[in-house]
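A quick write-up on the structure given underneath.
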């Protein structure tokens, strides 16, 4: 298994104010799979994603990525590991406002020893003709495409997506999901995507359904639905 999560636990607060957010999470993901973490607000899915990404730390349990335990990494090594192996896509685009589309994507390329070809990626993203525009000249969907480009250009082993369509309308959401699917097929990145939208699970190889800090369901989709055919 490429990504293994064993007995992961996380809580916030102390004594009577303590809230157990993750209560012993176990699952694994194969290399190149799309895994959807599904659940309502407060189910623990974003906390889980942040711990996988090294943004937050667990109180107990292990994460093993390609044979390496993140708990064994000192802070400097963890920072290098995040930079080299992980890409992040958030609901908010967090683009640098005075840089062009191309320059925003190149920011990600500088972090990698093996970046993808920027021009080829711009074509894949449907952004080549917009490459000289700055963020406030773009639609929401184009800004999210740019954010995906910045994350994917460094060719990360794992692409972590936290509600990537949360701020977008239906049609644009479908386009972004199709793009994530294309990126997975073309570059082979393992994708972990958090969503509360039940329909999105259809495009996943693996679905992990969380509620109240526990896994309620964990299964493989025998028949994936292409992102273009998803409806909600």
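Annotations
- For the chain, the longest principal axis of the C-alpha atoms and the axis of helix 140-152 are separated by about 70°.
- Stokes-Einstein D for the stretch 51-122, Kirkwood Rh over Cα pairs, 25 °C, 0.890 mPa s (µm²/s): 172
- Between 0 and 90 degrees, the angle of helix 170-187 with respect to the longest Cα principal axis of the chain falls at about 90 degrees.
- Radius of gyration over Kirkwood radius for the chain, both on Cα atoms: the Rg/Rh ratio is 0.96.
- Cα-based shape type of the stretch 130-232, given that a ≥ b ≥ c are square roots of the gyration tensor eigenvalues and the cut on a/c is 1.5: prolate
- Relative contact order of the chain, pairs being alpha-carbon contacts under 8 Å that are 6 or more residues apart, as %: 28
- By average C-beta atoms within 10 angstrom, highest first, the peptides 189-197, 39-47, 13-21, 63-71: 189-197, 39-47, 63-71, 13-21
- Cα radius of gyration and Dmax for the stretch 1-66 (Å): 12.3, 42
- Peptide packing for 207-218, 73-84 was compared via the average number of neighbouring C-beta atoms within 10 Å per residue; ordered from the highest value, the list is 207-218, 73-84.
- Protection proxy ranking, highest mean first, for peptides 120-129, 174-183: 174-183, 120-129, where packing is the per-residue count of other beta-carbon atoms within 10 Å, averaged.
We did not get these values from a lab; they are worked out from the coordinates using the rules stated. This is a predicted model, so every value here is computed, not measured. Cβ sites come from the backbone with ideal geometry, for glycine too, and all protein chains shown count toward neighbours.
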